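The values are calculated or read from the model by the stated rules, or taken from the named source; none is laboratory data. What you see is a predicted model, and the numbers here were worked out from it, not measured in a lab. All Cβ positions, even for glycine, are placed from backbone atoms using ideal geometry, and neighbour counts span all protein chains on display.
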Amino acid sequence: MSDLPVLLEARAVAKHFGGVKALRDVSLTIRQGEVYGLIGPNGAGKTTFFNCMTGLYVPDGGGFVFAGAPLVADAPHRAAERGIARTFQNIRLFGNMTALENVMVGRHVRTRAGVFGAILRNGATRDEEAAIRRRAEELLHYVGIDDRADDLAKNLSYGDQRRLEIARALATEPKLLCLDEPAAGMNGTETEELRVLIEGIRADGTTILLIEHDVKLVMGLCDRVAVLDYGALVIEDVPAVVQHDPRVIEAYIGVAA
Amino acid sequence: MNKWLTPRSSLGLVLVAAALIALPFIAGMGGQAWVRILNFAILYAFLALGLNIVVGFAGLLDLGYIAFYAVGAYTWALLASPHFGLHLPFWAILPIGAVLACAAGALLGAPTLKLRGDYLAIVTLGFGEIVRIFMNNLNAPVNITNGAQGITLIDPVIIGQFKFSATSTIFGITVSGPQKYYYLLVLLALGVILVNYRLQHSRIGRAWQAIREDEIAAKAIGINTRNVKLLAFAMGASFGGIAGGIFAAMQGFVSPESFSLIESIMILAMVVLGGMGHIPGVILGAVLLTILPEALRYAVVPVQKALFGEVLADPESLRMLVFGLALVLVMRFRPAGLWPSPERRRELAEKVR
Ligand SMILES: Nc1ncnc2c1ncn2[C@@H]1O[C@H](COP(=O)(O)OP(=O)(O)O)[C@@H](O)[C@H]1O
Ligand SMILES: [Mg+2]
């Protein structure tokens, strides 16, 4: 795997909230095409890492290089533009829009029509609008909820909402898809379906960064895994090694068991 | 296209069109004053639909919307009156007014759209007042706005030889000035309805709704929330500017007191009372809030005379009382507005429960 080109490099990323050091100089490297796991106990700083990467938080130190160029801090919409899409630990859908509309909004960053296009509704705008709709329908089908297209997002089941959030993220055509605990609250069947979905997304060429508590899911899916504990990187290696590292067992698996 | 033009909907369309054409003549039977009230109802509907882009679609609370109306009105007043001796044609002034109002919108929006909810409301409220006070005081050292006296003898809308202010006979039918303005206003209103509708169902409209629903998620999928909000602000402002121009031409007179805070609040009330974000609701709100107070004014004095033998409360103070009461009642019993969009009604029903 190590011969694959680097997609994302975190360089000594630090973030603190008052006295809480949520991230202590975290450096890690994600390569193109891999499923990269980020694990650690609650409060370890995983979500904070996502937030720094996607521009929701400005890191207090360090930074990110993505696809060969630095990521601008404090410009959340830029991250999506550059090709980083994410889902949220506590699902954030547009509740009063339909499932289809949620995915259609996801196309925003890859489409162009502006105010004048909208008002004049010229050929180019109509074509673009049709393409947006078509792609959104495809993506709903891809994640397996095309039968819910016209339901409001807030009325979907929990598992379907997770899928919808993934479809919306995929609509932005990401190079890197970041999933924050996508299996949280799912039962065994749903988790297995999710695993199949993530495998499929990877097979289609999207790199995946996965925060997850379900150790079995992480170990089964990921090519490499990083472990965070109290904001610091403990280890970054293939699952077989991480699983048996004494520090990890103490910091995470030991605690969980 | 064909799926809309069923025999039934075409018949409905014809009836609505016939009603719209006949309306100023029906109102004219009660006197030209009623035609003027009708015109104001449409002008306010136009304004409310402009504000609806900002408040209803993008979810930004703007309490200074009247400022853009003022910019449009003064643009017309200064470019088509003896004040500077300029008499530009309407097809030049109206776009200039729209562009200036749009620029004012961008000027206000650019530094403030990072603010949320209440903070934005306060800043826009201040902006509205600043614009009014400027109009009030820009008469010295150089007299630009003529201060509190305002500007008089403003040109009406003139297209070629066709003057909108004068009565003329067309195909044997006598059409008064206000009646002519009525048709112009209806055309403009149809335009703003179309724009509202198309914006709502577009890439930009979806982005506005997304921001309203969850700004963080909207950012995360790559929506440049600041620019998209600014767009809503500038769009709304442009429509305010156009409405202001027509107002100046129709009245022939503008002064700062037409652009007070209460006007901003009235327009906002039309949007909220009618049904935020829902085009037919906003129109209903504007028409009701324009016509009812006028009807009340005509009714109050005779009714009081009949009941008490004398006039106890003057119509103007009753107007505010009734207006306040109406707002309270509507918000209590129909929190989503008189005619909300189906989605919004559902949304609010759940929140209240
Ligand atoms: N916005 C914030 N303000 C203050 N503290 C925060 C904020 N976000 C996260 N933290 C703190 O940073 C630490 C890491 O949190 P988080 O990244 O959410 O952990 P994880 O996702 O690994 O469970 C926790 O101690 C949390 O309380
Ligand atoms: Mg977390």
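Pick out the one residue from B:252, B:285, B:275, B:281 that is touching a Gly at 6+ places or on another chain (Cβ under 6 Å) and at positive phi.
B:275
For the list (1) part of a strand (DSSP E or B); (2) facing chain B (nearest Cβ under 9 Å); (3) within 13 Å of ligand 2 (Cβ to nearest atom); (4) of a type outside the set (Lys, Arg), I need the number of the one condition that residue A:88 fails.
(1)
So which residues in the range A:159-185 are within 16 Å of ligand 2 (Cβ to nearest atom) and over 13 Å from residue A:94 (Cα atoms)? Steps first, answer last, please.
Taking the range A:159-185 first, the residues within 16 Å of ligand 2 (Cβ to nearest atom) are A:162, A:165, A:178-185.
Those that are within 16 Å of ligand 2 (Cβ to nearest atom) and over 13 Å from residue A:94 (Cα atoms): A:178, A:179, A:180, A:181, A:182, A:183, A:184, A:185.
Go through the range A:137-161 and give me each residue that's more than 14 Å from chain B (Cβ to nearest Cβ) and among the basic types (Lys, Arg).
Correct list: A:148 only.
For the range A:49-80, name all the residues that are among the β-branched types (Val, Ile, Thr) and free of Cβ contacts under 8 Å to residues at least 60 places away in the same chain.
The answer is A:58, A:65, A:72.
Out of A:35, A:103, A:65, report the one residue that is buried (at least 24 other Cβ atoms within 10 Å of the Cβ) and more than 8 Å from every other protein chain (Cβ to nearest Cβ).
Exactly one residue qualifies, and that residue is A:103.
Within the range A:38-62, how many residues are within 14 Å of another protein chain (Cβ to nearest Cβ), β-branched (Val, Ile, Thr) and within 13 Å of ligand 2 (Cβ to nearest atom)?
Step one: list which residues in the range A:38-62 are within 14 Å of another protein chain (Cβ to nearest Cβ), which gives A:47, A:50-58.
Remaining after also requiring β-branched (Val, Ile, Thr): A:47, A:54, A:58.
From what's left, within 13 Å of ligand 2 (Cβ to nearest atom): A:47.
Within the range A:38-62, residues that are within 14 Å of another protein chain (Cβ to nearest Cβ), β-branched (Val, Ile, Thr) and within 13 Å of ligand 2 (Cβ to nearest atom) number 1.
Given the residues A:214, A:229, A:204, which is the only one that is over 21 Å from residue A:53 (Cα atoms), within 16 Å of ligand 2 (Cβ to nearest atom) and of a type in the set (Asp, Glu)?
Of A:214, A:229, A:204, the one residue that is over 21 Å from residue A:53 (Cα atoms), within 16 Å of ligand 2 (Cβ to nearest atom) and of a type in the set (Asp, Glu) is A:214.
Being within 15 Å of ligand 1 (Cβ to nearest atom) and touching a strand residue (DSSP E or B) at 6+ places or on another chain (Cβ under 9 Å): is that true of residue A:7 here?
Taking the combined requirement at face value, the residue does not satisfy it.
Can you give me the ranges of the helices (runs of 4 or more DSSP H) entirely in the range B:172-278 with at least 1 residues that are away from chain A (no Cβ under 14 Å)?
B:177-200, B:225-251, B:261-274
Condition check ((1) assigned to a strand (DSSP E or B); (2) more than 16 Å from ligand 1 (Cβ to nearest atom); (3) away from every other protein chain (no Cβ under 14 Å)) across all residues:
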site	(1), (2), (3)
A:199	no, yes, yes
A:202	no, yes, yes
A:205	no, yes, yes
A:210	yes, no, yes
A:216	no, yes, yes
A:219	no, yes, yes
A:227	yes, no, yes
A:242	no, yes, yes
A:248	no, no, yes
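Exactly one condition in (1) under 25 Å from residue B:236 (Cα atoms); (2) without any contact (Cβ under 8 Å) to a residue 12 or more places away in the chain is false for residue B:49; which is it?
In the conditions (1) under 25 Å from residue B:236 (Cα atoms); (2) without any contact (Cβ under 8 Å) to a residue 12 or more places away in the chain, residue B:49 misses (2) alone.
Restricting to the range B:1-35, count the residues that are surrounded by 20 or more Cβ atoms within 10 Å (Cβ to Cβ) and within 30 Å of residue B:199 (Cβ to Cβ).
The total comes to 1.
Does residue A:105 satisfy the criteria of being in contact (Cβ under 8 Å) with a residue 24 or more places away in the chain and touching a Gly at 6+ places or on another chain (Cβ under 6 Å)? It would help to see each step written out before you state the result.
Details: in contact (Cβ under 8 Å) with a residue 24 or more places away in the chain: yes; touching a Gly at 6+ places or on another chain (Cβ under 6 Å): no.
Spelling it out, it is not the case that residue A:105 is in contact (Cβ under 8 Å) with a residue 24 or more places away in the chain and touching a Gly at 6+ places or on another chain (Cβ under 6 Å).
I need a count of the residues in the range A:110-136 that are over 19 Å from residue B:231 (Cα atoms) and facing another protein chain (nearest Cβ under 8 Å). Don't jump to the end; show me each part of the working.
Let us first name the residues in the range A:110-136 that are over 19 Å from residue B:231 (Cα atoms), namely A:122-124, A:126-136.
Remaining after also requiring facing another protein chain (nearest Cβ under 8 Å): A:128-129, A:132.
Result for the range A:110-136: 3.
So which of A:95, A:144, A:114, A:62 ends up being modelled with pLDDT under 95 and within 16 Å of ligand 1 (Cβ to nearest atom)? Write out each step before concluding.
Working: A:95 fails: within 16 Å of ligand 1 (Cβ to nearest atom); A:144 fails: within 16 Å of ligand 1 (Cβ to nearest atom); A:114 fails: within 16 Å of ligand 1 (Cβ to nearest atom).
Every option except A:62 fails the conditions.
Before we move on, is residue A:22 on the phi > 0 side of the Ramachandran plot, away from chain B (no Cβ under 14 Å) and among the hydrophobic types (A, V, I, L, M, F, W, C)?
In short, no.
Return only the number of the condition from (1) of a type in the set (Ser, Thr, Tyr); (2) within 16 Å of ligand 1 (Cβ to nearest atom); (3) surrounded by fewer than 16 Cβ atoms within 10 Å (Cβ to Cβ) that residue A:48 does not satisfy.
Failed condition: (3).
Is at least one residue of the range B:210-232 within 16 Å of residue A:116 (Cα to Cα) and under 17 Å from the mean Cα position of the chain (by Cα)?
yes
Which of the strands (runs of 3 or more DSSP E) found entirely inside the range A:12-69 contain at least 2 residues meeting this: outside the structural domain of residue A:231 (by TED's automatic domain parsing)?
Once the strands (runs of 3 or more DSSP E) in the range A:12-69 are filtered for at least 2 residues that are outside the structural domain of residue A:231 (by TED's automatic domain parsing), nothing remains.
If we scan the range B:331-338, do we find a residue that is farther than 20 Å from residue B:243 by Cα and in contact with an Asp or Glu (Cβ under 9 Å, 6 or more places away or on another chain)?
yes
Against the conditions (1) farther than 25 Å from residue A:222 by Cα; (2) out of contact with any helix residue (DSSP H, G or I) (no Cβ under 9 Å at 6 or more places or on another chain); (3) of a type outside the set (Asp, Glu), where does residue A:27 fall short? Just the number, please.
(1)
Quick check, is residue A:26 within 16 Å of ligand 2 (Cβ to nearest atom) and not polar (S, T, N, Q)?
Yes.
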